[in-house]
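Single-structure report; data block below.
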Amino acid sequence: MPPKQHTPPDLPPMKDLTIENITDNVHTINSKCPDPRLQFLLQRLVNHLHDFARETRLSVAEWEKAIEFLVDVGKISTDVRHEFVLLSDVLGLSLLVDGINHPKMKNSTEGTVLGPFHTLDAHHVEHGHQISHDPEGEPLFAFCTVKDTQGKPIPNVAVDVWETDSKGFYDVQYEDRTTPDGRAIVESDENGIIQFKAIVPVPYPIPNDGPVGKLLERLNRHCYRPSHMHFMFKKEGFDRLITALYLRGDPFETSDAVFGVKDSLVIELGKVGDVEGLADKYGVSPDTKLLRYDFVLITEEEAKQVQEEEAWKEAKRQDCNLKVVNGLIVPQ
Ligand SMILES: [Fe+2]
């Protein structure tokens, strides 16, 4: 297909190129972008990329190496191997973007990284279901509630849960995987309760046999994540919450390779017998480890309002003819 633009565009002339004015030249040629948000994103991206090159005096060899690295990240990526997500995670970008988009509000549960192991094929299961079939795993009973910021239980929330097996591997890391394991979707009941059986999470290395693993090695960084269980909450009218619970005392609690740990998400496991009536009611041995947590979701409206406020704060901080449309900063 021939390119859409055949005639020279109606643009101010670009300046004769120098290291100093190349950035303005790129902005000039991008200035006819009809999408103001895309134009703004590209303008800031180019600013930072160019400053990065100027400030570091980036060598051609380093630039080539970086391109080669990104190509390798693409080559190893598949439907179930999300190397770009992993790269974003180890650079702290995933957590940053999540924090910007889901600012903590009132008493709501904080979000954290999605990670590269969420899949879309988890089965919907009944309450009390065993989501992990690893016989080596230490049994765990999860008993949680899902409420709104007023403390009202939220029924019918689809709660996606996923964890590794006892060796620290997700099901998708096994080549002979035939069906999802260590993951399921449970729906909260009329009291906002979800309960299921699983295994006690263990620490695990993020995939380190690819380009991201090699990068961590070059940086002299370990590749471990502390023991955790992932949760994703979805219900119409509520802001989607992606979070995880971490076990206190884990050796990697304070040095998570992907920066996911937040104080409010660190828990201590109890025993089912600690809560009166729980063992009998749900037919679980009192000695079984117990994961208890009360999740609090914010509504879409609440999320929208706080995002709008935060975006305006940032637009005003930059003080350069910016406004906010639908929670996103765009040029005036
Ligand atoms: Fe994980």
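The values are calculated or read from the model by the stated rules, or taken from the named source; none is laboratory data. Since the model is a prediction, treat every value here as computed from it, not as a measurement. All Cβ positions, even for glycine, are placed from backbone atoms using ideal geometry, and neighbour counts span all protein chains on display. What goes into the accessible areas is simple: the full protein's heavy atoms, side chains included, and nothing from ligands, DNA or RNA. Shrake-Rupley method; radii C 1.70, N 1.55, O 1.52, S 1.80 Å.
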Filtering GluC sites (Glu not before Pro) in the range 125-231 by DSSP loop and by at most 16 other Cβ atoms within 10 Å leaves Glu126, Glu136, Glu175, Glu190
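If Lys and Arg each add +1 and Asp and Glu each add -1, what is the summed charge of the other residues whose beta carbon sits under 11 Å from the beta carbon of Ile206?
-2
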Tell me, what HN-Hα J-couplings in whole Hz come from the Karplus equation 6.51 cos²θ - 1.76 cosθ + 1.60 at θ = phi - 60° for each residue of the range 122-129, using x for Gly and Pro?
5, 7, 6, 10, 6, 4, x, 5
Overall Cα dimensions of the range 83-298 - principal axes, largest extent first, Å
52, 40, 33
Acute angle (nearest 10 degrees) that the helix 36-56 long axis makes with the longest principal axis of the chain, alpha-carbon atoms
80 degrees
Under a crude label model (7 Å from the Cα following the beta-carbon direction), how far is Arg57 from Thr179 in nanometres?
6.2 nm
In the full protein assembly as shown, how much of Glu301 is accessible to a 1.4 Å probe, in Å² to the nearest 10?
130 Å²
Stretched fully, the stretch from Asp294 through Lys281 gains (0.36 nm per residue minus C-alpha distance, one decimal, in nm) 2.8 nm
Hey, what do the phi angles of the range 12-19 turn into as Karplus ³J(HN,Hα) couplings, whole Hz, using 6.51/-1.76/1.60 and θ = phi - 60°, x for Gly and Pro?
x, x, 7, 7, 4, 5, 9, 4
Calculate the all-directions average of the projected area of the range 144-263's alpha-carbon convex hull, and give it in nm².
9.2 nm²
At most 13 other Cβ within 10 Å, DSSP loop - trypsin sites (Lys or Arg not before Pro), the range 103-171
Lys106, Lys167
If the chain between Asp10 and Leu328 were fully extended at 0.36 nm per residue, the gain over the current Cα-Cα distance would be 111.7 nm
Cβ-derived FRET efficiency at R0 35 Å, Thr28 paired with Asp121, nearest 0.05
0.15
With +1 on the Cβ of every Lys and Arg and -1 on the Cβ of every Asp and Glu, and nothing else charged, how large is the dipole of the chain about its Cα centre, in debye rounded to the nearest 20?
880 debye
Angle in degrees between helix 60-76 and the longest Cα principal axis of the chain, rounded to the nearest 10
40 degrees
Have a look at the DSSP beta bridges in the range 83-298 and tell me what percent are antiparallel, nearest 5.
65 percent
How many nm is it between the label spots at Trp312 and Glu268, if each spot is 7 Å from the Cα in line with the beta carbon?
4.3 nm
Want the number for Leu91 to Thr149: 0.36 nm per residue separation, take away the alpha-carbon distance, what's left?
17.7 nm
If the cut-off is 27 Å between C-alpha atoms, which lysines fall inside it for Lys197, apart from same-chain ones fewer than 8 positions away?
Lys147, Lys152, Lys167, Lys234, Lys235, Lys262, Lys271, Lys281, Lys289
Choose one of Tyr170, Cys144, His133: the residue whose Cα lies farthest towards the positive end of the charge dipole of the range 122-188 (beta-carbon charges +1 Lys, Arg; -1 Asp, Glu; about the Cα centre).
Cys144
Taking +1 at the Cβ of each Lys and Arg and -1 at the Cβ of each Asp and Glu, which of Pro211, Thr119, Asn191 sits farthest along the dipole of the chain towards its positive end, judged by Cα position relative to the Cα centre?
Pro211
Taking a 1.4 Å probe, which of His102, His133 shows the most accessible area, and what order do the others take after it?
His133, His102
